[in-house]
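Everything below concerns the one structure shown next.
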């Protein structure tokens, strides 16, 4: 006879389905982004200026960083400014690698977006692994408990003499 699924088992099943849908969705976003930037050229850029702007409209004061890069593509020099909400790890004068659109060199691929997507997928996969290992461990413990419980009950019964 088939065991009836408990609410907890159903919740774990649906959580797995939702996580798989999220992974597929984020994977599709990554694939679309990579497809759209496939022909971008890797360029060596130098940071020439970092400007910080502070917003006092939020309770914690938010800094926005404007990083100015200069690079060369197809023997032409370009200068672009990228906005970042995270303090840059590099300093003025450092060299970084960017991916630039050869048709519109001032258009740069957003690598931080891709890194965030990769992190989300890795986190969801780790969550799924922990959830399912923990669930499997509890099933095994429950099965072992009932198997040995029956053995213990049999031993504790008095032996009838005939």
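Laboratory data are not the source of any read-out in this text; all were calculated from the coordinates shown. What you see is a predicted model, and the numbers here were worked out from it, not measured in a lab. Virtual Cβ from ideal backbone geometry, glycine too; neighbours counted across all protein chains shown.
Cα gyration tensor of the stretch 1-75, axes a ≥ b ≥ c as square roots of the eigenvalues: rounded (a/c below 1.5), prolate (a/b > b/c) or oblate?
Numbers: a/c = 6.34, a/b = 1.87, b/c = 3.40.
Oblate.
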> Hey, got the Cα dimensions of the stretch 40-108 along the principal axes, in Å, largest first?
Replying inline: 45, 23, 14
>> Need one number: nm distance between label points at residue 31 and residue 113, each 7 Å from Cα along Cα→Cβ, rounded to one decimal.
In response: 1.8
>> What distance in nm lies between label points placed 7 Å from Cα along the C-beta direction at residue 120 and residue 53?
In response: 2.5
